């Protein structure tokens, strides 16, 4: 069996989705993906090449691997995934997350929510992707006549207590209410901790949005963290397709050397949901809908969270959110269905199961009613 090497950082939160994308493409070709979590060196790559005789390698750069020397792989066809583009030789093949588009999506999300004050908190270490997100977020706000404050605490002190204290003072100094875009979920978690120390109400005084949708963080912060989910799986697919293309081609590679994948969706949680009147029952209802809408949740179950009649519960919910309880359930189901349809890899019966529908025909009717087109037509368009 042919083999492809896949190097990944053990601490990289996006690795499972990227690896799933790689494996999906390679499985169709009958190619085994050998995953390595040991940081690559020239001697290790040479020994692995002698053992496996691989067709090539995919190197997922990030975490401890963000500064990998590309020359290590000079003797092996290699595709780099999310490596710092400024440090790669010009001839390297590279799949890159479109950081600017992710930052623009964050700006749109927060502008549509109605904020007038904005801030950006960078990653605590020097990372190229944090700088790109900062600049693109700031530019998008400037285009719409808004300013953006940037947390400027020195990044290399290594003192978590000092950084948290500086962040607390920064958050206190911001005009309120303020929307904060954090470089990633880990940074956003730090922002929420500093906000709690400062006694700031989230999301009413301070709304927070991160990047990665790393559920181990997002579902366990207080409140749960809104996050932009990049299309990591697509990044893995592109890396696999590029490696297959370069290894099956004859002669020098003539295609595009850099391809990008963008953001997939905004996963909205309580850290950015500004509600009229700050009704805690509505926040609890939104959280329940987000978690269980695609598992057969009924509107009647949601109304039980309220200490009033079903009609009054729907009125309170609609007053805060702008739509009924049932409409919010449908919105979450539709978003999930579109995500699965866009991937193009799942049978319709399976999609209906994952979206909370009893059969595929119910999903077909629902999807056409909500979008005005069939699922196949929507997939072609998107």
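Every number here is computed from the coordinates shown, using simple stated rules; none is lab data. Nothing here was measured: the structure is a model prediction, and the numbers come from that model. Here the Cβ is made from the backbone with ideal geometry for all residues, glycine too, and neighbour counts use every protein chain on show.
In segment 42-61, which residues have a backbone nitrogen under 18 Å from the label point lying 7 Å from residue 71's Cα in the Cα-to-Cβ direction?
Zone members listed by number: 42-46.
Could you work out how far apart the two model spin labels at residue 139 and residue 222 are, taking each label as a point 7 Å from the Cα in the direction of the beta carbon, and quote it in nm?
4.0
If I stretch the segment between residue 173 and residue 284 completely, what's the gain in nm (0.36 nm per residue apart, minus their alpha carbon distance), one decimal?
Answer, rounded to one decimal: 37.0 nm.
Take 348, 363 and order them by how many other Cβ atoms sit within 10 Å, fewest up front.
So the residues, fewest neighbours to most, are 348, 363.
Which one of 223, 360, 85 has the biggest mean-square fluctuation once the chain is modelled by GNM with Cα springs under 10 Å?
Judging by the Gaussian network model, the answer is 360.
Please report the spacing between the Cα centers of segment 68-119 and segment 315-376 in Å, no decimals.
Spelled out, the Cα-based centre of one part sits 31 Å from the other.
If you fit an axis through the alpha-carbon atoms of helix 185-198 and take the longest principal axis of the Cα set of the chain, what angle between them do you get, 0 to 90°, nearest 10?
It works out to around 40 degrees.
Between residue 34 and residue 90, 0.36 nm times their residue separation minus their Cα-Cα distance comes to what?
Extending this stretch completely gives an extra 17.5 nm.
Assuming R0 = 30 Å, can you tell me the calculated FRET efficiency for the pair residue 50 and residue 254, based on Cβ-Cβ distance, to the nearest 0.05?
0.50
Given the Cα-Cα distance of residue 42 and residue 304 and 0.36 nm per residue of separation, how much length would full extension add, in nm?
88.2 nm
Nearest-5 percent of antiparallel DSSP beta bridges in the chain?
If I count the DSSP bridges inside the chain, around 10 percent turn out antiparallel.
Under a point spin-label approximation (7 Å from Cα along Cα-to-Cβ), what is the residue 365-residue 160 distance to one decimal in nm?
Using points 7 Å along Cα→Cβ, the separation is 5.4 nm.
If one computes the Cα centroid of segment 1-54 and of segment 187-264, what distance in Å separates the two points?
21
Could you give the angle, 0 to 90 degrees to the nearest 10, between helix 128-143's Cα long axis and the longest principal axis of the Cα atoms of the chain?
So the inclination is approximately 40 degrees.
Return 126, 18, 186 ranked ascending by Cβ neighbour count within 10 Å, so the fewest neighbours appear first.
126, 186, 18
With contacts defined as alpha carbon pairs under 8 Å and 6 or more residues apart, what's the relative contact order of the chain in percent?
14
Do me a favour and compute the ellipsoid semi-axes for segment 103-199 from its Cα gyration tensor, root of five times each eigenvalue, largest one first, whole Å.
Three semi-axes, in Å: 21, 16, 10.
Expressed as an acute angle from 0 to 90° and rounded to the nearest 10, what is the orientation of the C-alpha long axis of helix 280-292 relative to the principal long axis of the chain?
40
Taking 7 Å along the Cα-to-C-beta vector as the label spot, tell me the residue 131-residue 153 distance in nanometres, rounded to one decimal.
Output for this residue pair reads 2.1 nm.
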